[in-house]
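K.L.:
Okay, here's the structure, questions in a sec.
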Amino acid sequence: MLLDFSRLGPWRLVLVLIALLVGAYLLLPILLIVGLSFGSSRWLQFPPPGWTLRWYRELFDDPAWIASFLTSFRIAAVVTVLSVVIGLMASFGLTRGEFRGRELLRALFLTPMILPVVVLAVALYAFFLRLHLNGTFTGFVLAHLVVALPFSIIAISNALERFDRDIETAAIVCGASPLEAKLRVTLPGIRLGLMSAALFSFLASWDEVVIAIFMASPDLQTLPVRIFSTLRQDLSPVIAAVSTVLIALTAGLMALAALLRKDARS
Amino acid sequence: MTLSHAAHVPSPARPRRLPAGLAAVTPAFALVAVVFVLPVLALLLRSVLEPEPGLQNYAAFFASTTYLKVLGNTFLVAATVTVATVLLGFPVAWFLAIAPGFWSRLLFAVVILSMWTNLLARTYAWMVLLQRTGLINRTLMNLGLISEPLPLINNLVGVTIGMTYIMLPFMILPLHATIRSIDPSVFQAASLCGASRWQAFTRVMLPLTATGIAAGALMVFVMSLGYFITPALLGGTSNMMLAELIAQLVQSLLDWGLAGAAALVLLVVTLAIYAVQLRFFGFGQARS
Amino acid sequence: MTCFLDIRGITKSFGKVAAVSDVSLEIARGEFMTFLGPSGSGKSTTLYMIAGFFDPSAGDIRLEGRSILREPSNRRNIGMVFQRYTLFPHLSVAENVAFPLRVRRRPAAEIARKVEQMLALVRLEGFADRMPAQLSGGQQQRVALARALAYDPPLLLMDEPLSALDKKLREEIQVEIRRIHRETGVTILYVTHDQEEALSLSDRVALFNHGRIEQVGKGRDLYEAPRTRFVAGFVGHSNFLDCTIAAHAGERADIVLPDGSRLPELPIDRQAPVGAAARLMIRPDRLRISSPAGADAPAGIDAVLSDATFIGETFHFALTTAWGGALNVRMPSHTLPPAGHGVGQRVRLSWAPGDARLFAE
Ligand SMILES: Nc1ncnc2c1ncn2[C@@H]1O[C@H](COP(=O)(O)OP(=O)(O)OP(=O)(O)O)[C@@H](O)[C@H]1O
Ligand SMILES: [Mg+2]
């Protein structure tokens, strides 16, 4: 009765009403940003008095915005590659290793995901001060790698656990060396896990802001840092334009992930 | 004899010097040890070493009404956000689990989209909405409900609204899975036993979802405790939360000892809550 | 002359547990040998040592006169079909079969020819471009067989390859396996714990128990002349009755049953002193039912019919001896008198000489 929508009686109305309100609560801010980015009012009037592409032009004409966009992209790309490679190795060790303390090690690898980022940000800032890594590409990559690695390990470990190891053994009996069997059989077998590891690692770095705020220098700013520092000064509609670009990218990635999932099912 | 019972074949024997898999975890271990464990431990150590060895940083932290107020703010906001996400998230998860395909899929997509949208973009939207001349205040004034703009931003109200928005998906998604896993026939049984809808809800549905609610609530609570960005942008300088305090101690006051102490307080609370979660809900919940 | 596959006293221990102890076996080229035995008896472990998944704790394995223990699995050039479905999920049927040839860097033309030949061998000609997920379990195992044979391995190992399939499909593929064995002449080591499968497929059966081989021989030998009580109990159905040795001469002994009746000159598995306990074994289909002890009644055991069940071609009878021993008898329905035998009736059970065997306890 309670799990049958058509037989909820008066409760159905309540449920629909709350769902509608929460849906609006979740969706409206996103629609608002998109609307404002095309609105002509510098003071963010809504609904806008007119429509314009001016904020996008300001955004794309500003070399600083472009630079931070590229910086974020470069960092995220390098982090993605490293995170998948290191995560793949670690996942092999964690799921197939025969040493003591594997579960403890897994927990250690996942802690950066559950601890408050601000603690890591402050700690890394102090640490990198000594190593002169603040404001450097290497520093960003190392810091974001720590944040991205748990996502990579979770995705790949899950895929490896689901992958029937007997298939790899069969490849070896067929004459493939252990390494060849991994490359030709196991990796293709867990490719969905690898792709989602890559996707989540990229997003973890791309969206990371807290550590970046501490580490950024005027010369090397990621996109989130630039948005954050701009927001602290004023609510320029250019931010709405950046945000809309980001939302479009997110929606694109979501569609990609959905496709991956559909591919996995077939 | 079905496949699921079939034993796995052992993997081919190989002569080895190290235990299998130890070499493979080394890069990850080196990274986490050097770029995570070491810096965090160093920071925490500074709390008992700077400016001189001793516990004076902790004494200062717990003696200062300012800092205690920050701690209070942090717990207050985290608790309010948790309660709000449970109250809003439960019906939504329920709706998602049973509503006709199209509507539930649509709402589901909205939840996912909002979760994946860049955090700063979402916070920006709330800054625009909540400001003095923002959409909310203007609408309320146009409707004649208020004459003066409500102070919705640069205070804990703004922080709570913004964080509830950000945390909602983390409550909805696990609860949705919990409700989906309930066998509908238990309600048919309850109804045959003479239970009314309300009784079925309080005596069957709530107990069956209690662990899901508790797990989601703990997760939201602990994430809220250490949140930085949203409080920094929607909150005011007079009503800080703990994460902002830590950042400020480092950035403006350069007081590393006190920052380390505040960080340790945050870590201890966070880890304690995770320990509770592990104890009662196992590893699986904490990991997902 | 050296035999084709020579397993010499191999042992495998896991910690204190000996999964396989001192197993020796000689297998001729082209032979179909089955490992039969209860769960945990060491069949798979023995197979895995041949495949190179385990190193034996002791002993040697020689293929065509050369020890293969030093070779890693991928160089042993042995074919294997697994219990679980192990097709490479991202490769088509043809690519799966081609895989062992590709890792051996064979020329493309040869690979194409061989794949075609193999798919014809397992009768899956039209399936070359299918993906594994689009095949039934039986088809997947046939592709696995084609893949295992594609590189002409001299030896094919199969570890319960049909246990995931339903009975009808299993019988169908058993026929295919026999045909493929005939056509290719490959030597096969086959593991199963289904005795019907073992008896119908193989030239010889090695019966495993507690990590040892109890008996090796043709299926018929195991059934007709079990060397140990375990073999007698495992292969086919058996009746066992407790008894005591009354006299012993060579390979035969006289026994006394609990009711005091004496049965002379029965074949016994090993030496046992007079007075020792033993078990009398007779197959249910070798027992004959006649009217109770009269002057002309054959030698045998008296019992009371406690149950009779008609199951088509055969009748099953359950009988109880005077001292409470239970016996089963199976008879072709057409050999029974129309009135049959009634429950509660007293009868005499008899058998042909040689159909009863003794096993010393
Ligand atoms: N990797 C291992 N570690 C420890 N013990 C093992 C291992 N593999 C097998 N054993 C033990 O060795 C014994 C023999 O196992 P094996 O798998 O060879 O039996 P089996 O005859 O194949 O049985 P089944 O019919 O169930 O497949 C069992 O007692 C098993 O528990
Ligand atoms: Mg086995």
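The values are calculated or read from the model by the stated rules, or taken from the named source; none is laboratory data. What you see is a predicted model; the values in this text were computed from it and never measured. As a convention, Cβ positions derive from the backbone with ideal geometry for all residues, glycine included, and neighbour counts pool all protein chains shown. To get the accessible areas, we keep the full protein, side chains included, count just its heavy atoms, and leave off ligands, DNA and RNA. Shrake-Rupley method; radii C 1.70, N 1.55, O 1.52, S 1.80 Å.
K.L.:
Specify the residue with the greatest mean-square fluctuation among B:Ala33, B:Ala13, B:Ala232, computed from a Gaussian network of chain B linking alpha-carbon atoms under 10 Å apart.
P.N.:
The residue with the greatest mean-square fluctuation here is B:Ala13.
K.L.:
Give me the extension gain from C:Ala277 to C:Thr228: residue separation times 0.36 nm, minus the current Cα-Cα distance, reported in nm with one decimal. Spell out each step's value before the answer.
P.N.:
Working: separation 49, 0.36 × 49 = 17.64 nm, distance 1.51 nm.
16.1 nm is the gain from fully extending C:Ala277 to C:Thr228.
K.L.:
Next up: Out of A:Leu3, A:His144, A:Thr95, whose Cα points farthest toward the positive end of the dipole of chain A (charges: +1 Lys, Arg; -1 Asp, Glu; placed on Cβ)?
P.N.:
So the residue we want is A:Leu3.
K.L.:
Same structure again: Show C:Asp159, C:Asp355 ordered by accessible area, largest first, where the area counts protein heavy atoms only and the probe is 1.4 Å.
P.N.:
On the way: C:Asp159 5, C:Asp355 40 Å².
Reading off the accessible areas and sorting them downward yields C:Asp355, C:Asp159.
K.L.:
Under Stokes-Einstein, with the Kirkwood radius over Cα pairs standing in for Rh, what whole-number D in µm²/s applies to the protein assembly as shown at 10 °C and 1.306 mPa s? Walk me through the numbers on the way to the answer.
P.N.:
On the way: Rh = 33.9 Å.
Using the Kirkwood radius from Cα pairs, D works out to 47 µm²/s.
K.L.:
Rounded to the nearest 0.05, what FRET efficiency is calculated for C:Thr184 and A:Glu98 with R0 set to 51 Å and r the Cβ-Cβ distance? Each step should come with its number before you reach the end.
P.N.:
Values: r = 38 Å, r/R0 = 0.75.
Plugging the Cβ-Cβ distance into 1/(1 + (r/R0)^6) gives 0.85.
K.L.:
I would also like to ask the following. Would you work out if chain A is rounded, prolate or oblate? Take a ≥ b ≥ c from the square roots of the eigenvalues of the alpha-carbon gyration tensor; rounded if a/c is under 1.5, else prolate when a/b is larger than b/c, oblate otherwise. Each step should come with its number before you reach the end.
P.N.:
Values: a/c = 2.09, a/b = 1.30, b/c = 1.60.
Because a/c hits 1.5 or more and a/b fails to exceed b/c, chain A counts as oblate.
K.L.:
Here's another thing I want to ask about it. Label point 7 Å out from B:Ala272 along Cα-to-Cβ: which residues of the stretch B:27-57 have amide N under 20 Å?
P.N.:
Zone members listed by number: B:44-45, B:47-48, B:55-57.
K.L.:
Relative contact order for chain A: what percent, with Cα pairs under 8 Å and sequence separation of 6 or more?
P.N.:
Working: 273 pairs, mean separation 75.0, N = 266.
The normalised contact order for chain A reaches 28 percent.
K.L.:
Please report, ordered by residue number, every helix of chain B (full DSSP H runs) that is 30 Å or longer along its axis going by C-alpha atoms and whose mean Kyte-Doolittle hydropathy reaches 1.0. Each step should come with its number before you reach the end.
P.N.:
Details: long enough: B:65-98 (49 Å, 1.58); B:156-180 (34 Å, 1.47); B:256-287 (36 Å, 1.39).
Membrane-span-like by this criterion, though nothing is claimed about a membrane: B:65-98, B:156-180, B:256-287.
K.L.:
On to the next question. Pop out the carbon and sulfur fraction of the accessible area of the protein assembly as shown as a percent, whole number, probe 1.4 Å.
P.N.:
Details: 24720 of 40690 Å².
Whole-percent figure for carbon plus sulfur exposure: 61.
K.L.:
Here's another thing I want to ask about it. What relative contact order, as a whole-number percentage, does chain C give when Cα pairs under 8 Å and 6 or more residues apart are counted?
P.N.:
On the way: 737 pairs, mean separation 54.2, N = 361.
Answer for chain C is 15 percent.
K.L.:
Kindly sort C:Glu160, A:Glu103, C:Glu251, B:Glu50 by accessible area of their heavy atoms, largest first, with the probe set to 1.4 Å.
P.N.:
Working: C:Glu160 20, A:Glu103 90, C:Glu251 150, B:Glu50 55 Å².
The ordering from most to least exposed comes out as C:Glu251, A:Glu103, B:Glu50, C:Glu160.
K.L.:
To test your reading of the geometry: what angle, between 0 and 90 degrees and rounded to tens, separates the Cα axis of helix C:137-149 from the longest principal axis of chain C?
P.N.:
Tilt of helix C:137-149: around 70 degrees.
K.L.:
Okay, next question. Need one value for A:242-252: mean number of C-beta atoms belonging to other chains within 10 Å of its residues' C-beta atoms. If you can, show how the numbers build up before the last one.
P.N.:
On the way: counts 4, 8, 1, 2, 6, 7, 0, 3, 8, 5, 0.
Partner-chain Cβ atoms within 10 Å, mean over residues of A:242-252: 4.
K.L.:
Pairing the Cα long axis of helix C:93-103 with the longest principal axis of chain C, what angle in degrees results, from 0 to 90 and rounded to the nearest 10?
P.N.:
70
K.L.:
So, one more: Excluding ligands and nucleic acids, what accessible area in Å² is computed for B:Met127 using a 1.4 Å probe, to the nearest 10?
P.N.:
20
K.L.:
Please say if chain C is rounded, prolate or oblate, where rounded means a/c under 1.5 for a ≥ b ≥ c the square roots of the C-alpha gyration tensor eigenvalues, and otherwise the choice is prolate for a/b larger than b/c and oblate otherwise? The partial results should precede the final answer.
P.N.:
Details: a/c = 3.25, a/b = 1.88, b/c = 1.72.
Judged from the Cα gyration tensor, chain C comes out prolate (a/c at least 1.5, a/b above b/c).
K.L.:
Using a 10 Å cut-off on Cβ atoms, rank the peptides C:13-23, C:48-58 from the highest mean neighbour count down.
P.N.:
Working: C:13-23: 15.1, C:48-58: 20.7.
Sorting C:13-23, C:48-58 by mean packing, highest first, produces C:48-58, C:13-23.
K.L.:
Specify the residue with the greatest mean-square fluctuation among A:Trp11, A:Trp51, A:Trp206, computed from a Gaussian network of chain A linking alpha-carbon atoms under 10 Å apart.
P.N.:
A:Trp11
K.L.:
State to the nearest 20 debye the size of the charge dipole of chain C about its Cα centre, where the only charges are +1 on K and R beta carbons and -1 on D and E beta carbons. Numbers along the way, then the final one.
P.N.:
Details: 44 positive and 41 negative charges, 206 e Å.
Computed about the Cα centre, the dipole is about 980 debye.
K.L.:
Same structure, new question: For an R0 of 51 angstrom, estimate the FRET efficiency from the Cβ-Cβ distance between C:Phe310 and A:Asp4 and round to the nearest 0.05.
P.N.:
Values: r = 51 Å, r/R0 = 1.00.
The computed FRET efficiency comes out at 0.50.
K.L.:
What spacing in nm lies between the two simple spin-label points modelled at B:Asn155 and A:Arg191, each 7 Å away from Cα in the Cβ direction?
P.N.:
Inter-label distance under the simple model: 5.7 nm.
K.L.:
Please work out whether the stretch B:31-281 counts as rounded, prolate or oblate from its C-alpha gyration tensor, where a ≥ b ≥ c are the square roots of the eigenvalues and a/c under 1.5 means rounded, while otherwise a/b larger than b/c means prolate and anything else oblate?
P.N.:
Working: a/c = 2.34, a/b = 1.45, b/c = 1.61.
Oblate shape, in that a/c is at least 1.5 and b/c is the bigger or equal ratio.
K.L.:
Select from B:Val48, B:Val276, B:Val37 the residue whose mean-square fluctuation is largest in a Gaussian network model of chain B (Cα-Cα springs shorter than 10 Å).
P.N.:
Sorting by GNM fluctuation, first place goes to B:Val37.
K.L.:
Something else now. Which order do the peptides A:53-60, C:105-112, A:139-146, A:122-129 come out in when sorted by mean C-beta neighbours inside 10 angstrom, highest first? Can you show the working numbers first?
P.N.:
Details: A:53-60: 16.4, C:105-112: 11.9, A:139-146: 25.9, A:122-129: 22.4.
Final packing ranking: A:139-146, A:122-129, A:53-60, C:105-112.
K.L.:
Using 0.36 nm per residue, how much length does the chain from C:Arg75 to C:His210 gain when fully extended, once their Cα-Cα distance is taken away?
P.N.:
The C:Arg75-C:His210 span can extend by a further 45.6 nm.
K.L.:
Which whole-number percent gives the relative contact order of chain B, counting Cα pairs below 8 Å spaced six or more residues apart? Kindly include the intermediate steps, with their values, before the conclusion.
P.N.:
Numbers: 258 pairs, mean separation 77.7, N = 288.
In percent, rounded to a whole number, it is 27.
K.L.:
Within 10 Å of each Cβ of A:93-105, how many other protein chain Cβ atoms are there on average?
P.N.:
Numbers: counts 11, 4, 2, 4, 8, 5, 6, 1, 0, 3, 1, 0, 6.
Average neighbour count from other chains, rounded to a whole number: 4.
K.L.:
Also, I was wondering about something else. Which angle from 0 to 90°, rounded to the nearest 10, does the C-alpha axis of helix C:167-184 make with the longest principal axis of chain C?
P.N.:
For C:167-184 against chain C, the angle is about 60 degrees.
K.L.:
Give me the one-decimal nm value for the distance between modelled label points at C:Ala299 and C:Val256, 7 Å along each residue's Cα-to-Cβ direction.
P.N.:
About 1.7 nm separates the two model spin labels.
K.L.:
Something else about it: Give me the accessible area of C:Lys218, 1.4 Å probe, in Å² rounded to the nearest 10.
P.N.:
Per-residue accessible area (C:Lys218): approximately 120 Å².
K.L.:
Determine the shielding of peptide A:36-48 by partner chains: average, over its residues, the number of Cβ atoms on other chains within 10 angstrom of each Cβ. Mind dumping the intermediate values first?
P.N.:
Values: counts 4, 0, 0, 0, 0, 0, 0, 1, 7, 3, 6, 1, 0.
For peptide A:36-48, the averaged partner shielding equals 2.
K.L.:
Let me ask another. Could you compute the FRET efficiency for A:Asp62 and C:Gln134, with r as their C-beta to C-beta distance and R0 at 45 Å, rounded to 0.05? Mind dumping the intermediate values first?
P.N.:
Details: r = 53 Å, r/R0 = 1.19.
Efficiency computed from Cβ-Cβ geometry: 0.25.
K.L.:
For labels at A:Val14 and C:Glu110 in the simple 7 Å Cα→Cβ model, what's the distance in nm?
P.N.:
7.6
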